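Here the structure comes first, spelled out in structure tokens, and everything after it is commentary.
What follows is calculated from the coordinates using simple rules that are stated; it is not laboratory data. The shown structure was predicted, so the numbers you read here are calculated from the model rather than taken from an experiment. Cβ: placed from backbone, ideal geometry, glycine included. Neighbour counts: every protein chain shown.
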Amino acid sequence: MASHNVIAESKDVALVEVLDRVLDKGVVISGDLVISVAEVDLVYVGLKALISSVETMERLRGGPFVGPMQEPT
Amino acid sequence: MEQGKELLYLYCVTGKAPDLPKGRDWFDKPFFIQHQGLYAVVSRVPGSEFNEENLKKNLGDLEWVKLHVIMHEQVIEAVMDHACVVPFKFATLFNSEDTLKAMLTEHAPMLKETLQRLQGQEEWGVKIYCDMARLRTWLAQDEEILKIDGGIGSASPGKAFILKKKKEALLNLATTAKLNEYGQASFNQLRDLCSQARINKLLPKEVTEKKEDMILNAAFLISKNAIKPFLETVDRLKARHENDGLAFDCTGPWPPYNFCNWPERTAAHG
């Protein structure tokens, strides 16, 4: 079922889709075994330039939808 | 000398010997390390790019980040063609095979449980965008608002000002209500076809580079035999809302980044 992979097949998937996942999601393990990656979060936050505009949107809209949410980052 | 020390970069973990991607210029060909019935897909990467100090520098370079994020994604996509994967976050690095194996030992039960849960499932993403101007134009055809419009024409300047304010407030309220209705209804319909669903933060226009506003950013974990009805539902929603100024971006299958539910990431509200 190799046929419809996101990156492999469709070049028009916006980079933001990939960044949104690879930098922000996926398994995170912490502890002595792993080299510190705290900076990765900072890159993502910077990339999103997130804080004001999204919060404004959610206020405008009267809050986020009801559903399982990611923890705040 | 620290600079040159090689590190192990972990992409993902599988439960069976993975097929590895070929024919690209990875740092070093991805290979796997087998331990406790798990297979860690890794590359050897140079400390000159990935040790703590140099990684921090490179993370400030958007071109470097883009290139490596895409490589990360491509390796995992190649592996997930033939095996269920637990994808790790970008730049998960280990000093040696020993520390990587120690991690696998420590997390083996959780990894195996996750692999079992994700078996036969795919992650898809749906983002909904709204052309606010178009939606507001349409909502301005509401009877009550048209009545106010009529009043504005014949009112004194002071009265007209107040009526305009009132119209604006009504329109804002109606827009909010519509967005909630559309977003929630769409999410609910799609969620009903999935094993798991979650709503992620909205991304601002600076990031999406679209002129429309993002009104829903959701991820779905779907059983492979439910993909077809899921995509058909997305198409129906697209068609239904075409004239409301809504656009649906549906992408997948992705590695299940949103559904690994590791302890550190499950302290969610909701």
Subject >> Ascending count of other beta-carbon atoms within 10 Å, so fewest first, for B:Ser156, B:Ser186, B:Ser195 >> reply: B:Ser156, B:Ser195, B:Ser186
**OP:** Apply the Karplus parameterisation 6.51 cos²θ - 1.76 cosθ + 1.60, with θ equal to phi minus 60°, to every residue of the range B:52-60 and state each ³J(HN,Hα) to the nearest whole Hz, in sequence, with x for glycine and proline.
**Re:** 3, 5, 6, 4, 4, 4, 5, 5, x
**OP:** Enter the angle in degrees (range 0 to 90, nearest 10) between the Cα long axis of helix B:97-118 and the first principal axis of the Cα atoms of chain B, meaning the one along which they spread out most.
**Re:** 50
Original post:
Over all directions, what mean area does the Cα convex hull of chain B project, stated in square nanometres?
Top reply: 18.9
Original post:
Near B:Lys167, which lysines are there with a Cα under 18 Å away, not counting those fewer than 8 places off in the same chain?
Top reply: B:Lys147, B:Lys159, B:Lys178
**OP:** Taking amide H positions as placed in the peptide plane 1.01 Å from N, state which residues far from B:His35 in sequence (5 or more) or on other chains have amide H under 5 Å from it.
**Re:** B:Ala40
Original post:
Once a ≥ b ≥ c are taken as the square roots of the eigenvalues of the Cα gyration tensor of the range B:179-270, is the result rounded (a/c under 1.5), prolate (a/b larger than b/c) or oblate (a/b not larger than b/c)?
Top reply: oblate
Original post:
How big is the range B:2-119 in terms of Cα radius of gyration and Dmax, in angstroms?
Top reply: 14.1, 40
Original post:
In sequence order, what are the phi-derived ³J(HN,Hα) couplings for the range B:155-169 according to the Karplus relation 6.51 cos²θ - 1.76 cosθ + 1.60 with θ = phi - 60°, rounded to whole Hz, with x for glycine and proline?
Top reply: 8, 5, x, x, 5, 4, 4, 5, 5, 4, 4, 5, 4, 4, 5
Original post:
Long-range amide H contacts for B:Ile215: which residues qualify at under 5 Å (H placed 1.01 Å from N, peptide plane, sequence gap of 5 or more or a different chain)?
Top reply: B:Ile128, B:Tyr129, B:Cys130
**OP:** Would you mind checking B:Lys56/B:Lys127; B:Lys57/B:Lys127; B:Lys16/B:Lys101; B:Lys89/B:Lys211; B:Lys201/B:Lys238 for any pair whose Cα atoms are more than 24 angstrom apart?
**Re:** B:Lys56/B:Lys127; B:Lys57/B:Lys127; B:Lys89/B:Lys211
Subject >> chain B: calculated mean residue ellipticity at 222 nm from DSSP helix runs of at least 4, using -39500 (n - 2.57) >> reply: -15000 deg cm²/dmol
Original post:
Expressed as an acute angle from 0 to 90° and rounded to the nearest 10, what is the orientation of the C-alpha long axis of helix B:143-154 relative to the principal long axis of chain B?
Top reply: 50
